[in-house]
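Undergrad: After the structure tokens below, expect a handful of questions from me.
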Amino acid sequence: MADDKSKRGGQDRDRINMGEDYEVRYWTDKFGVSEDELRDAVDKVGDRARAVAQELGKAM
């Protein structure tokens, strides 16, 4: 099953998965931004966390 999180490896903290609510919550909390701000940054620079952090002016 694609949604069976018990059978996959650890979370990839190098990428931001906007399709998973728990990941969106994690990254919005980590960067201190709204979901819209996070989504705009991901749309602009891709899903790599470092690129998104840089776009938002936040530290990793």
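Undergrad: Assuming R0 = 30 Å, what is the FRET efficiency of E37 and R15, from their Cβ-Cβ distance, to the nearest 0.05? List each step's numbers first, then the result.
TA: Numbers: r = 18 Å, r/R0 = 0.59.
Working from the Cβ atoms, E equals 0.95.
Undergrad: What does a probe at K58 reach in the range 24-42, counting residues whose amide N is under 11 Å from the point 7 Å along Cα→Cβ?
TA: Correct set: 24-39, 41-42.
Undergrad: Next question. Tabulate in residue order the Karplus-calculated ³J(HN,Hα) for the range 41-53, using 6.51 cos²θ - 1.76 cosθ + 1.60 with θ = phi - 60°, rounded to whole Hz; enter x for Gly and Pro.
TA: Along the range 41-53, the couplings run 5, 5, 4, 7, 10, x, 8, 6, 4, 5, 5, 5, 4 Hz.
Undergrad: Under the definition of Cα pairs under 8 Å and six or more residues apart, what whole-number percent is the relative contact order of the range 16-56?
TA: Numbers: 30 pairs, mean separation 14.0, N = 41.
After rounding, I find 34 percent.
Undergrad: Restricted to Cα positions, what overall size does the range 16-56 have along the principal axes? Three whole-Å values, descending.
TA: In descending order, the Cα extents are 21, 18, 16 Å.
Undergrad: Give me the one-decimal nm value for the distance between modelled label points at A51 and Y22, 7 Å along each residue's Cα-to-Cβ direction.
TA: Simple spin-label model gives 2.6 nm for this pair.
Rule-based calculations on the coordinates, nothing more; no lab input. As the structure is a prediction and not an experimental result, all values here were calculated from the model. Glycine also receives a Cβ, built like all others from the backbone with ideal geometry; neighbour counts cover every protein chain displayed.
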